[in-house]
1. Sorted by mean Cβ packing within 10 Å, highest first, what order do the peptides 35-45, 168-178, 99-109 take?
2. Can you give me the long-range amide H partners of Arg106? Hydrogens built in the peptide plane at 1.01 Å from N, cutoff under 5 Å, separation of 5 or more residues or another chain.
3. Taking amide H positions as placed 1.01 Å from N in the peptide plane, with prolines and chain starts having none, which residues 5 or more places from Ala112, or on another chain, fall under 5 Å of its amide H?
4. What distance in nm separates the simple spin-label points at Thr141 and Arg41, each placed 7 Å from Cα in the Cβ direction?
5. How high is the FRET efficiency between Arg181 and Glu119 when r is their beta carbon distance and R₀ equals 30 Å, given to the nearest 0.05?
6. Relative to the present Cα-Cα distance, how much length would full extension add between Asp21 and Asn88 at 0.36 nm per residue of separation?
7. I'd like the FRET efficiency for Arg321 and Arg78, computed as 1/(1 + (r/R0)^6) with the beta carbon distance as r and R0 of 22 Å, rounded to 0.05.
8. Quick one: if you stick a label point 7 Å off each Cα along the C-beta vector at Asp213 and Ser48, how many nm between them?
Amino acid sequence: MLMRPASHVVASAPDGSAVPDVSVVVPCYDEAAALAALVARVDRVCRSLTVTFEIVLVDDGSRDATWPTMVALCDAHREVVAVKLSRNHGHQLALSAGLSVCRGRRILIIDADLQDPPELLPEMMQIMDDGADVVYGKRRTRAGEGRLKKLTASWFYRLIGRLSDVPIPPDTGDFRLLSRRALDVLLAMPERHRFIRGMVAWIGFRQEPIEYDRAPRIAGRTKYNYRKMIRFALDAITSFSVRPLQVASVAGLCFAAVAALVLGYAFIAWAFFQTVSGWTSLIAVVALLGSVQLFMLGIIGEYLGRLYVQSQGRPLFVIERIEGGAASRDEAAR
């Protein structure tokens, strides 16, 4: 099934089943070891609230036993919905796929590794009852993460905060509770290079933080290596700021001024002093100007590449199969 961004979500299922009060959406990549504990904790929290709920698990082309584990959980829990993507699309698109399938009036986004505690849901629900449309988790501490990762994460949030025209809360992830109307706006946004926490900040409405201490992963290893983190940072910056292009223009003017000064110096030296031709200085100037030009072209190329990919109009993701819950009946009815 091909999926494009939707401008709305059907409020009731074709089979007449009730819309759940809460949907819990979980993107998963090689998370077989953590899924049983995740479902058990989410199930316990939701039942303590006495709300109807569904747990939407999205398999993002996993290489381990994630999909068979999801199917088994569907058989054991009628609230579990398993969504299988046709290949690995990446965390943000897998999350988008789950958000397009979920049916709840409120939507909790959480990762499968249980670093973000589902036990905060009751407090998040209370904040939303008081009028918020988005309740986002703000990390006080980050256990189980190295000093370098914490440092680079801190730099990233400060950088995106300075570059973005939309205030993006620092020290946050995708862990948050959304109202249905906030999700409807999010699903209408067609970006392919998605930075969902920034897109949610752009929506507006009333958004409130909830602070917590982030725990270590319950199982497995992080899927965000430094290469993926750099790509994610580039997506975030180019999606929410054109200031790198402005930097290119300012740098060009600065180096033009420097070049004018050097030209003036060269002319004065030629006219009034004995000059010695210098190969080293010539090569240094050429290398400097050439590297600056290539750097600026690289920045422009990032934006042009994203425009090209966006103009292709391909679906954001492809759903191969849906198992369990009312969502599978909806899928069969389409």
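What follows is calculated from the coordinates using simple rules that are stated; it is not laboratory data. Just so we're clear, the structure is a prediction, and the values are computed from it rather than from any experiment. Quick reminder, even Gly has a Cβ in these numbers, built from the backbone with ideal geometry, and neighbours come from all protein chains shown.
1. 99-109, 168-178, 35-45
2. The answer is Val22, Ser23.
3. none
4. 1.6 nm
5. Working: r = 26 Å, r/R0 = 0.86.
Step by step, r from the Cβ atoms, then E = 0.70.
6. Extending this stretch completely gives an extra 21.2 nm.
7. Working: r = 18 Å, r/R0 = 0.81.
After rounding, the FRET efficiency stands at 0.80.
8. My value for the distance between the label points is 1.7 nm.
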